[in-house]
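The values are calculated or read from the model by the stated rules, or taken from the named source; none is laboratory data. A quick note: this is a predicted structure, and the numbers were derived from the prediction, not measured. Please note: Cβ atoms are built from the backbone with ideal geometry, for glycine as well, and neighbour counts cover all protein chains shown.
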Amino acid sequence: MSTEIAQTDTDLATREAVERAVSLLRSGEVVALPTETVYGLGADAFNAEAVAKIYETKERPGFDPLIVHIEGKRALDTVASVPPDISRTVIQLVETFWPGPLTLILPKTDAVPDIVTAGLPTVAVRMSAHPVFKRVVRGLGHPIAAPSANRFGRISPTSALAVRDELDGRVPLIVDGGACSRGLESTIVRVEAGDPKPRLVILRAGPVTVEDLKPFGKPEIAEHNEAVENNAPEAPGMLASHYAPRTPLRLVAGPAEFRPETGKRYALLSYRGQEKDGFLGLADWDEVFVLSPGSGKLPEAGIRFFHLLRQLDQLPVDEIIAEPVPERGIGLAILDRLRKASARS
């Protein structure tokens, strides 16, 4: 299969790219599309055979559910049945964070094929803020199932070229919508009724933070559970090993945890690249990549994270050493990815 990259740098090019993507999706094909988080590998969510191609293309196990992207807020009831006891909270979250990087876990409707949800009675649903993705899903007229556009367990792509590196020859079309503005996958939340406040269980940390969610309920990070251990996660990104480079990666809690081995080559993924943090002088690093140079800003670190991790993976080193980032805000999402990438190594 030959993979085409469609540009969106002019109005005409965008229109043609959207038309081409919609045509392929209607014919049951998969297409790589830009979102504000990472690039997604999309298929018509109501076409079970097309969705099966997502799993085949990504080499994704069938027990890992997909996120369904809808055209607008009014389309929520086409894929999800919102229980009355949480409807007020769901409406508040949707009105505040959609379109945007928040995914909600809700009971699914019969219109959603079981393959999309890995047989679960719930569906993960969100509305993307990326203008090109919005035009494609509107043109298709159906929701789009779209996990990240990479092979399973690998580094999520935040550019069209990164998608090509992962899936060249596996997909007919990559729509180039530029670099992703968020850089990390969406926050995934399960809403539960509670007294006096509803529980907002964060199944995957992302750009919508604990602090962002506090006005709407009681946010809490989901604990590791048996369902994940038994390969039955209720949402994407919950498996212990994920987001991994080919090069072994090690997340260290502090400078005292790392001592270089003679003859090994190392690269450092630094949070802010400051000497006082204690990592820069630990080894004769082949390369040092910095997530947020200077003072260290977590939103900037999140945007740059997957891009730099992919660059590090192309270096001729034996191991990537990652500094920790502050465990707050979007730092929780970055640490989640680092821990899972480290578990794969």
Checklist entry - at pLDDT 95 or above, touching a His at 6+ places or on another chain (Cβ under 6 Å) and buried (at least 20 other Cβ atoms within 10 Å of the Cβ): does that describe Ile86? => result no
Checklist outcome for this item: Within region 297-345, residues free of Cβ contacts under 8 Å to residues at least 12 places away in the same chain, of a type in the set (Asp, Glu) and part of a loop (DSSP other than H, G, I, E, B) come out as Glu327
Next on the checklist: Looking only at region 288-306, filter to residues that are more than 18 Å from Thr158 (Cβ to Cβ) and out of contact with any Leu (no Cβ under 6 Å at 6 or more places or on another chain); which one of those is modelled with the highest pLDDT?
Outcome noted: Pro293
Next on the checklist: Here's a check for you: in region 9-55, which residue that is more than 21 Å from the chain's Cα centre (by Cα) and assigned to a loop (DSSP other than H, G, I, E, B) is nearest to Val112 (Cα to Cα)?
Outcome noted: Phe46
Checklist entry - Among the residues of region 96-133 satisfying the criterion of being hydroxyl-bearing (Ser, Thr, Tyr) and either part of a strand (DSSP E or B) or not assigned by TED's automatic domain parsing to the domain that holds Pro34 (or both), which is nearest to Ala205 (Cα to Cα)? => result Thr103
Checklist entry - With respect to Pro316, is the statement that it is surrounded by 15 or more Cβ atoms within 10 Å (Cβ to Cβ) and not aliphatic (A, V, I, L, M) true? => result no
Checklist outcome for this item: Those residues of region 56-83 which are surrounded by fewer than 19 Cβ atoms within 10 Å (Cβ to Cβ), of a type in the set (Val, Ile, Thr) and part of a helix (DSSP H, G or I) amount to Thr78
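Residue-wise test of (1) out of contact with any Gly (no Cβ under 8 Å at 6 or more places or on another chain); (2) at pLDDT below 95; (3) not in a strand (DSSP E or B).
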residue	(1), (2), (3)
Phe152	yes, yes, yes
Thr158	no, no, yes
Arg164	yes, no, yes
Ser181	yes, no, yes
Val189	yes, no, no
Glu223	yes, yes, yes
